Amino acid sequence: MLRAPAGLPAPDKPPATAQGPPETLSAMTRILVLLAHPQLESSSVARALVEATLAVRTTRKADRADRTSTTRPDPMGPYTAGPNTTELRDLYTLYPDYLIDVAAEQAVLVGVDLLVWLHPIHWYGMPPLMKLWLDEVFAFGWAYGPGGHALRGTDLWLVTSTGGPESSYRGDGYNRYFFDAFLPPYEQTANLAGMRFLPPLVLHGAHRADAAELARHAAVYAERLDTYPHWPELDEIEAGTACDVPADARPAD
Ligand SMILES: Cc1cc2nc3c(=O)[nH]c(=O)nc-3n(C[C@H](O)[C@H](O)[C@H](O)COP(=O)(O)O)c2cc1C
């Protein structure tokens, strides 16, 4: 079940259940924010984004009546977005024992339009519980392989932060590679599951970000959640590369 991340107010809406989201939400664009931060209480970036997520969940814009068009507006003009609903799942609160309820996680994912992975970069990748979630939830025959179509067509958006400043992610910096060099495992995971990998939102140099920078970052994130799928660049982003994994790619049970 959904619980508020430590130190944050309780979510206002009931969680999606193993039977799927409430009926009234089925026609809406569904956004699921999957949060994985092992120490949220000492976080600044993820905490700011969690608060922004909760705010987006509760305060829909007053001009909702004008935001029902399904046609994409002039990219230079104001955003027009259809109604959407945003859910937040905090993996470290849900599964402090690392015993992931795979069936519940899979049920919540069905019908999600935008899956957000919100986590700090740890050792050039995702924190361990997020990785375990991926190992178990993105199962052969469910997320990929024969019959594994559950996530086909879902958009995947990585929202992350690094301790290293952008200048460290260069050939002459101490991280030696551009940050993009660490993204292929994410992108190919999306491809294998038939998902589309959207351009990540990354805050570099997290420890040096002051309150104003954090607020700006959170505002960009919130605007994105609020206006999905009407992002100016989405039309240009093609669906992921189809990857057919044959049945014999995995040992029989
Ligand atoms: C175990 C661990 C591993 C980390 N690995 C990296 C890394 O590979 N690259 C990097 O730039 N920062 C790394 N960091 C720094 C985190 O990315 C940084 O603390 C985080 O983005 C800050 O976000 P927060 O305020 O939400 O905690 C690591 C931090 C921890 C605790």
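The values are calculated or read from the model by the stated rules, or taken from the named source; none is laboratory data. Everything quoted here is computed from the prediction, not taken from an experiment. Using ideal geometry, Cβ is built from the backbone for each residue, glycine included, and neighbour counts are taken over all protein chains shown. The protein model used for the area step is the full one, side chains on, heavy atoms only, and it has no ligands, DNA or RNA in it. Shrake-Rupley method; radii C 1.70, N 1.55, O 1.52, S 1.80 Å.
Where does the charge balance sit around ILE100 when Lys and Arg score +1, Asp and Glu -1, over other residues with C-beta under 14 Å from its C-beta?
Values: positive: ARG89, LYS131; negative: ASP90, ASP97, ASP101, GLU105, ASP135, GLU136.
Its environment carries a net charge of -4.
Does a label point 7 Å from the Cα of ASP180, set along Cα-to-beta-carbon, have any residues of segment 192-211 with amide nitrogen under 15 Å, and which are they?
From segment 192-211, the list is 198-202.
Provide the per residue accessible area, probe 1.4 Å, for segment 129-190, rounded to a whole number of square angstrom.
On the way: 2860 Å² over 62 residues.
Ligands and nucleic acids excluded, the result is 46 Å² per residue.
Any idea what % of Cα-Cα pairs in segment 199-253 are farther than 16 Å?
Values: 954 of 1485 pairs.
Counting every Cα pair in segment 199-253, those more than 16 Å apart make up 64 percent.
Sort 240-248, 119-127, 86-94, 206-214 for me by packing, meaning the mean count of neighbouring Cβ atoms within 10 Å per residue, highest on top.
On the way: 240-248: 11.8, 119-127: 17.4, 86-94: 22.3, 206-214: 13.3.
Ranked from most to least packed, the peptides come out as 86-94, 119-127, 206-214, 240-248.
May I ask you to give the average projected area over all directions of the convex hull of the Cα atoms of segment 143-188, in nm² rounded to one decimal? Intermediate values should be presented prior to the final figure.
Working: hull surface 16.6 nm².
Averaged projected hull area, Cα only: 4.2 nm².
Once phi is turned into ³J(HN,Hα) by the Karplus curve 6.51 cos²θ - 1.76 cosθ + 1.60 with θ = phi - 60°, what whole-Hz value does each residue of segment 168-177 show in order, with x for glycine and proline?
Rounded to whole hertz, the list is 7, 9, 8, x, 9, x, 6, 8, 6, 10.
Pull out the extension gain between MET28 and ALA212, defined as 0.36 nm times the separation in residues minus the alpha carbon to alpha carbon distance; nm, one decimal. It would help to have the intermediate numbers written out before the result.
On the way: separation 184, 0.36 × 184 = 66.24 nm, distance 3.28 nm.
Taking 0.36 nm per residue and subtracting the Cα distance, the gain is 63.0 nm.
5 Å is the cut-off here: which amide hydrogens, built 1.01 Å from N in the peptide plane, fall below it relative to ALA239, excluding neighbours closer than 5 in sequence?
none
So in segment 90-168, what percent of DSSP beta bridges are antiparallel if you round to the nearest 5?
Beta bridges within segment 90-168, antiparallel portion: roughly 10 percent.
Normalised by the residues of segment 156-236, what does the relative contact order come to in percent, with Cα pairs under 8 Å and at least six apart?
Values: 68 pairs, mean separation 29.3, N = 81.
Relative contact order for segment 156-236 comes out at 36 percent.
Run through segment 152-218 and list the chymotrypsin sites (Phe, Trp or Tyr not before Pro) located in a DSSP loop whose Cβ has at most 14 other Cβ atoms within 10 Å. Display every interim value, and only then the final one.
Details: sites: TRP157, TYR169, TYR174, TYR177, PHE178, PHE179, PHE182, TYR186, PHE197; in loops: TYR169, TYR174, TYR177, PHE178.
Those satisfying the criteria are TYR174, TYR177, PHE178.
Per the 1.4 Å probe, what fraction of the accessible area of segment 202-253, in percent, lies on carbon and sulfur atoms? Please report the intermediate quantities before stating the final value.
Numbers: 1690 of 3260 Å².
Carbon and sulfur: 52 percent of the exposed surface of segment 202-253.
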